[in-house]
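The values are calculated or read from the model by the stated rules, or taken from the named source; none is laboratory data. The structure presented is a predicted model; accordingly, all values stated were derived computationally and were not measured. No Cβ is skipped: glycine too gets one built from the backbone with ideal geometry, and neighbour counts run over all protein chains shown.
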């Protein structure tokens, strides 16, 4: 599955939402009195009456596929009578949501990051509490568990957030994908330490001048992964949260030794033409094309397995000796490789769906989301309707995969790719256990490419970062204003350190200036705020 990493954006709906807080009855939300979370009467039976609702993904990058065009959503539409109507961000999520709030036309469901924006919407009375539905529709409560739901509750004690890819076990895809043909042609050298890595990339450039030695993905995602090679127990999450734990305090990212050393190496690779030269501006489709054409030697990202799996299928179909594989995370010489974590996972998962007061039938929407996060819904959205890639279930409700699942890997992978952007309420434990139960019975060459490398490498090298969730302040608070300023400083310094600095010393000078600039806008106050939230999380997890 794709656990999608998109760097956390500090959105600012604050001014609009503060204005709306003064309104009564949530009149701007489209009918607060029509929507109630009281789950009285018989449970909603999906498929009896049509259910249409609007869905907005609050991300610049997200475009929902047309509902009913893929096999999974077509089956849901025909058998469950559910139609989901997409609302696009148009590439500017902040502006889009602000416009909807002002116009009083909120979508029925909003899919977004946990944290300050959810709380602002809740405080404005725009969200439907979900507590009354939990026992009536039991999948979420059963699979997520009380502990996870408690971590998601708001300050009023109620639950408004339906989590996506929640988990009680490690998951994640961050790591390094390697071009098999190129690697073997160059003698299959060691790829363990950062020195090995540098030497290999130089060799690739020399022997394959038309190949990108190190593809770092969208917004230089792979540079974040590379930085994790320079310290133990240090996922890239610390970069995006702009804070690093030291003892019981969160301290400056700009002073972090791993961050500084990692950016020095990234700068060296960039200046020598070993890294994608348009790393900060290239489009996702450009990256996909390079991977599928075999034009990269190493690809690192927070979730490279989706593109890696498709590229592997395409290349190996043309040449059985071609394709991709994954290597254990690169580490600096002297570090314990088993304590280097290129990615992380969190108990609450990735993001959440909230049901707004605009929804005329919030209970039916919850019933659908609850069905979708349960075994049947997960089977449909992950592997399609019964009869193609699976036929029947076992005693644990895991799908019994068919011969087509094994033999027609191209069709299987294309289907799974088609529903990635419809996986809003992913159930990590069910999906992972189901596919691994089957994959473990197969020889390596017959295993699903993605599943194989998840079980062998990526799941073993993701850090449990549950304690570091929900650290961001509200956008209209003093700390929130500081956070936006520090983020601006961070992003400029990160890009400048990679692309513009002409030496290792200049990289450090860029980061030293960023530290000074950040302190000028109140970085210490932001770090104290994040530290306090972190300590609160730790107390909940005891």
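Tabulated results
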{"quantity": "Matching residues in region 491-502 - criterion: being over 14 Å from residue 240 (Cα atoms) and in contact (Cβ under 8 Å) with a residue 60 or more places away in the chain", "calculated": "497, 498, 499, 501, 502"}
{"quantity": "Matching option when the condition is surrounded by fewer than 17 Cβ atoms within 10 Å (Cβ to Cβ), within 23 Å of residue 225 (Cα to Cα) and either touching a residue at least 60 places away in the same chain (Cβ under 8 Å) or over 24 Å from the mean Cα position of the chain (by Cα) (or both), among 478, 488, 512, 532", "calculated": "512"}
{"quantity": "Meets criteria (assigned to a loop (DSSP other than H, G, I, E, B) and within 22 Å of residue 448 (Cβ to Cβ)) for residue 308", "calculated": "no"}
{"quantity": "Options 154, 188; residue that is in contact with a helix residue (DSSP H, G or I) (Cβ under 6 Å, 6 or more places away or on another chain) and surrounded by fewer than 17 Cβ atoms within 10 Å (Cβ to Cβ)", "calculated": "154"}
{"quantity": "Strands (runs of 3 or more DSSP E) wholly inside region 327-413 containing at least 1 residues that are modelled with pLDDT of 95 or more, in the same structural domain as residue 162 (by TED's automatic domain parsing) and over 30 Å from residue 262 (Cα atoms)", "calculated": "352-355, 390-393, 399-401"}
{"quantity": "Given (1) touching a strand residue (DSSP E or B) at 6+ places or on another chain (Cβ under 9 Å); (2) at pLDDT 95 or above, number of the condition residue 134 does not satisfy", "calculated": "(1)"}
{"quantity": "Options 319, 307: the member that is over 27 Å from residue 462 (Cα atoms) and touching a helix residue (DSSP H, G or I) at 6+ places or on another chain (Cβ under 8 Å)", "calculated": "319"}
{"quantity": "Complete set of residues in region 423-436 that are at pLDDT 90 or above and surrounded by fewer than 19 Cβ atoms within 10 Å (Cβ to Cβ)", "calculated": "429, 433"}
{"quantity": "Criterion (in contact (Cβ under 8 Å) with a residue 60 or more places away in the chain, touching a helix residue (DSSP H, G or I) at 6+ places or on another chain (Cβ under 9 Å) and in the same structural domain as residue 130 (by TED's automatic domain parsing)) met by exactly one of 183, 160, 198", "calculated": "160"}
{"quantity": "Meets criteria (within 28 Å of residue 120 (Cβ to Cβ), outside any helix (DSSP H, G or I), outside the structural domain of residue 121 (by TED's automatic domain parsing) and touching a residue at least 24 places away in the same chain (Cβ under 8 Å)) for residue 518", "calculated": "no"}
